[in-house]
Amino acid sequence: MGISTFRWKTKYGQPNWERISWLYMRLSGLVMFLIVTFHLLYMHMVVRVENLTFQNIVDRWNGPYGLAWKTLDTALLIFGLTHGYNGVRWSIDDYVHHRGWNLVLKMLLYIVGSILMIAGALAIFVGPGSLV
Amino acid sequence: MGALVETLRYVISYRGTEGHWAWLLHRLSGLGIALFLSMHIISIFSVGLGPRVYNFLHEVLYVSAPAKVLEVFLIFGVLFHAANGMRIIVIDFFPGLGKYQRTIVRIELLVVILVFIPAAIITLQGVL
Amino acid sequence: MRVKMRIRRFNPEKDSKPWWGEYEVEVEPTDRVLDALHQVKWYQDGTLTLRRSCAHGICGSDAMVINGRNALACKVLMRDVGKVCVVEPLRGLPLIKDLVVDMEPFFAKYRAVMPWLVNDEIPDHGERLQSPEARERYDDTTKCILCAACTTSCPSFWANEHYIGPAAIVQAHRFIFDDRDRAAVERLRILNDRDGVWRCRTVFNCVQACPREIDVTKAIGEVKLAILEAL
């Protein structure tokens, strides 16, 4: 490092979404504190992971509480993916300062995130075994 | 890249207090969970592809012995990230509580470990 | 007591990268790290460069990393550092020589938050009176001496040199919550930047590092809430 390496930032106060993003992380975090902890402890401790077979999922989604389970899973998908990928975006902004790489990584993140969102929604709403 | 290595060296060598290590663990667990979540959504997506594909992926990604060991890390990561996230949210909206944050981190870690130990034992029962 | 001083040395005219210099000093337990550094500079190696002025913890010149933690060299006693005392320059600011860093990027952020009273209204009686309660509101953040110990202890600042940093937010807090000031919204708008308060991850290193015992994270938290309310 030398004195000349500092790149000046001329102006603070440009419009941005960080305030919304910050608030969203807190609100989604509060929601997920309840639903993810429940999901984790229920699936891992009560049902147990090895019993989560295809048939088990069919029974749950098509059973009497199917709508409730699907709503919970949708909430997990939306909050988990947006909260998680926003966290990854923060990390990229924190550590990758090269403009090109920063942009490439974030574009990749948005593309993968969109694909996962669609894939998750398909799994929940199209119905087990209906995609073939 | 050099700057990133320098930053990580600073993070590891700084003798911070509870908040510093909680922040580092929060970030690492968050990135780990995001990675797991991506894998998890793909494996759940395979429900749409029928029982054969799903059951195969389920066996490899969740039931096999290495997966069980990784699951223990996942459970710790989620429990810590959840508890530490709550601490951050509470202090964010009541900044005055910040002066107790060192105690809060210790209590939080204690609660996480108390929930984690039985969960880890239950998870590893089939493997050990 | 005999203490080994391990000091991070760098001379831009001779060295391609920093190196560790080791010096044995004989000090009293009640001597400060600054006294030990003086011993090295005055009696062992005159080329050692450091910045200090008042030597009594109020000018904010001699902040450095002492045994892996930011502090003022003139406020840390030798009996608290042990047998080996490791001294490094502040992190995240450009290194000039030995323990001296370029503070200009730090002061640029300080200037960015408009650290002066803004009020064009003409007061009724010659001076702007303020109630003790109103003064109390921002008392904590008036104690800042701009030593940069907080900003250079922050992982967000190490990662991103443009992060405005805890010190600048503390200075902004001092005026935002001053009821005589009229530019609070303008300052909140500045701090609402992409590299403003939202890069704070409540790590609390700043609170630990502050030699004036300012509750820095509390001040930042209050500024965040004020931004949520005002903008």
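The values are calculated or read from the model by the stated rules, or taken from the named source; none is laboratory data. What you are looking at is a predicted structure, and each value in this text was computed from that prediction instead of being measured. Backbone-built Cβ (ideal geometry, glycine too); neighbour counts: all protein chains shown.
Considering (1) more than 30 Å from residue A:125 (Cα to Cα); (2) touching a residue at least 40 places away in the same chain (Cβ under 8 Å); (3) crowded, with 16+ Cβ neighbours inside 10 Å, the lone condition that residue B:65 does not fulfil carries the number (3). Assess whether residue B:96 counts as being in contact with a His (Cβ under 8 Å, 6 or more places away or on another chain) and under 30 Å from residue C:228 (Cβ atoms). No: the conditions fail for residue B:96.
Scan segment A:11-18 and give yes if some residue there is within 8 Å of another protein chain (Cβ to nearest Cβ) and either modelled with pLDDT of 95 or more or within 24 Å of the chain's Cα centre (by Cα) (or both), otherwise no. Yes, that holds for at least one residue.
So for segment C:138-155 (the condition being in a helix (DSSP H, G or I), under 15 Å from residue C:198 (Cα atoms) and of a type outside the set (A, V, I, L, M, F, W, C)), does at least one residue qualify?
Pass one, segment C:138-155, residues in a helix (DSSP H, G or I): C:140-143, C:151-153, C:155.
From what is left, the residues that are under 15 Å from residue C:198 (Cα atoms) are C:151, C:155.
Imposing the further condition that a residue be of a type outside the set (A, V, I, L, M, F, W, C) reduces the set to C:151, C:155.
Yes; the residues of segment C:138-155 include at least one that is in a helix (DSSP H, G or I), under 15 Å from residue C:198 (Cα atoms) and of a type outside the set (A, V, I, L, M, F, W, C).
Selection within segment C:208-231: residues that are within 7 Å of chain B (Cβ to nearest Cβ), under 19 Å from the mean Cα position of the chain (by Cα) and in a helix (DSSP H, G or I). The member of this set that is surrounded by the most Cβ atoms within 10 Å (Cβ to Cβ) is C:217.
Checked against the criterion of being within 15 Å of the chain's Cα centre (by Cα) and either more than 10 Å from every other protein chain (Cβ to nearest Cβ) or farther than 30 Å from residue C:223 by Cβ (or both), the candidates B:73, B:45 yield just one match: B:73.
If you go through segment C:36-70 and keep only what is surrounded by fewer than 17 Cβ atoms within 10 Å (Cβ to Cβ), in contact with a strand residue (DSSP E or B) (Cβ under 8 Å, 6 or more places away or on another chain) and more than 14 Å from chain B (Cβ to nearest Cβ), you end up with C:44, C:45, C:49. Checked against (1) within 14 Å of another protein chain (Cβ to nearest Cβ); (2) on the phi < 0 side of the Ramachandran plot; (3) not polar (S, T, N, Q), residue C:77 passes all but a single condition, namely (1).
Considering segment C:161-195, the residues that are free of Cβ contacts under 8 Å to residues at least 60 places away in the same chain, more than 20 Å from residue C:140 (Cβ to Cβ) and not in a helix (DSSP H, G or I) include one that is farthest from the other protein chains (Cβ to nearest Cβ), namely C:163.
Suppose the filter is touching a residue at least 60 places away in the same chain (Cβ under 8 Å) and basic (Lys, Arg); does residue C:224 pass it?
Working: touching a residue at least 60 places away in the same chain (Cβ under 8 Å): no; basic (Lys, Arg): yes.
No; evaluated as a whole, the condition is false for this residue.
Answer with yes or no whether residue B:32 is part of a helix (DSSP H, G or I), surrounded by 18 or more Cβ atoms within 10 Å (Cβ to Cβ) and of a type in the set (Gly, Ala, Ser). Against the criterion (part of a helix (DSSP H, G or I), surrounded by 18 or more Cβ atoms within 10 Å (Cβ to Cβ) and of a type in the set (Gly, Ala, Ser)), residue B:32 does not qualify. Per the listing B:87, B:52, B:106, the residue uniquely free of Cβ contacts under 8 Å to residues at least 40 places away in the same chain and either charged (D, E, K, R) or not in a helix (DSSP H, G or I) (or both) is B:52.
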